[in-house]
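Asker: This is the structure I want to talk about, given as structure tokens.
The values are calculated or read from the model by the stated rules, or taken from the named source; none is laboratory data. Remember, predicted model here, so these are calculated numbers, not experimental data. When we count neighbours, we look across all protein chains shown, and the Cβ atoms used for this are built from the backbone with ideal geometry, even at glycine. The accessibility values were calculated without ligands, DNA or RNA, using every heavy atom of the protein model including side chains. Shrake-Rupley method; radii C 1.70, N 1.55, O 1.52, S 1.80 Å.
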Amino acid sequence: TAGTPVIAVENVTVRFGGIVALDGIEFDIHEGEILGLIGPNGAGKTTLFNCLSRLYTPNDGDIRFNGTSILGEPAHRIAGMGIGRTFQNVASFSNLSVRDNIRVGAHSASRSDPVSDALRLPWVRKGERDIDARVQELIDWLELNEVADLPVSGLPFGTQKRVEMARAMATEPKLLLLDEPAGGLNHDEVEELGKLIKMVRDEKGVTVLLVEHHMALVMSVSDRVVVLNFGRKIAEGTPEEVQKNPEVIAAYLGGD
Ligand code: ATP
């Protein structure tokens with residue numbers, strides 16, 4: 001319904017023993033938006049990402065997806081609900097071909113457990129044609145035809161990242177959570193990644209949360225940026241607004 005954010009983060013607090021990793025965090029992600037989440041080391045970005053992907057449960061607060069709390073859902077059901085994610089360490093099935101990696105994602109869209117799907121992949125026959133067609137569409141869309149039947153492990157790192165994006169897109173997400181996708185990429189590969197993130201939103205209508213250290217990437221692709229520091233939200237706004245915010249500048253200069 002109009003006005004309901006895709007994600008509503010409501011007063012989310014996470015403690016690890018005496019450490020308050022997240023302290024009453026609040027923000028929305030709107031439909032079709034690319035939202036960047038940044039902050040110095042230890043700010044709480046990974047902790048929040050892990051809450052959104054249901055690896056952690058907040059001590060306090062709620063996270064709503066299309067208006068419904070996800071906190072009762074186990075992590076393995078998140079993909080089936082329409083929340084896709086990428087992993088920092090790409091090529092978790094690196095001995096498999098590009099096509100089979102994307103197929104793993106396509107299976108997890110219709111089934112609930114990506115890990116067991118991967119294990120039983122060679123024997124799955126039901127709905128295979130349908131899934132093959134969906135996988136081929138993604139291979140065409142992301143221009144992976146030349147490498148489609150090669151193992152992921154031997155491919156350039158930038159291409160591996162593209163495969164990881166394709167695998168996540170094969171889950172047919174409404175929301176895509178990107179966990180530091182620029183890590184380990186060179187300048188040209190980061191530019192290519194930026195285009196890819198925009199394609200995902202512009203051509204597929206997917207809402208994107210981008211957790212990232214690479215400032216130039218975040219500032220060039222995000223519609224809005226949320227800034228964390230020591231577990232608190234210190235700023236939220238357009239890239240222009242956030243970059244001239246004195247508290248943000250101080251957090252980065254004083255950081256590390
Ligand atoms: P980085 O950019 O370095 O990845 P981050 O913004 O992702 O940092 P988090 O990893 O979320 O930050 O960490 C936030 C705080 O919570 C830090 O003080 C960190 O030491 C602490 N923390 C994170 N995970 C745990 C854990 N499993 N147990 C104890 N403390 C943790």
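Asker: Please sort 162-170, 68-76 by packing, taking for each peptide the average over its residues of neighbouring beta carbons within 10 angstrom, highest first.
Answerer: Order by mean packing, descending: 162-170, 68-76.
Asker: Amide H to amide H, which residues 5 or more places from LEU22 or on other chains are under 5 Å from it, using H placed in the peptide plane?
Answerer: Amide H neighbours of LEU22, under 5 Å, 5+ apart: VAL14.
Asker: Note the full-extension length gain between ASN66 and GLU247 as 0.36 nm times their separation in residues minus their Cα-Cα distance, in nm to one decimal.
Answerer: Going from the current span to full extension adds 62.0 nm.
Asker: Quick one: if you stick a label point 7 Å off each Cα along the C-beta vector at LYS204 and LEU150, how many nm between them?
Answerer: Label-label distance for LYS204 and LEU150, simple model: 2.2 nm.
Asker: Report the accessible area of TYR252, computed with a 1.4 Å probe over the heavy atoms of all protein chains in place, in Å² rounded to the nearest 10.
Answerer: Rounded to the nearest 10, that gives 80 Å².
Asker: Ordered by residue, what ³J(HN,Hα) values in Hz, to whole numbers, does the stretch 33-39 give under the Karplus form 6.51 cos²θ - 1.76 cosθ + 1.60, where θ = phi - 60° and Gly and Pro are x?
Answerer: Per residue, the Karplus-derived 3J(HN,Hα) values read 8, 9, 10, x, 10, 10, x Hz.
Asker: Between HIS213 and GLN136, what is the FRET efficiency for a Förster distance of 30 Å, r being their Cβ-Cβ separation, to the nearest 0.05?
Answerer: 0.30
Asker: Counting only helical runs of four or more DSSP H residues, what would the 222 nm mean residue ellipticity of the chain come to if each run contributes -39,500 (n - 2.57) and the total is spread over all its residues?
Answerer: Helix-only estimate at 222 nm: -11000 deg cm²/dmol.
Asker: Let me ask another. What's the magnitude of the charge dipole for the stretch 131-234 around its Cα centre, counting Lys and Arg as +1 and Asp and Glu as -1 at the beta-carbon? Answer in Debye, nearest 20.
Answerer: In total the dipole reaches around 660 debye.
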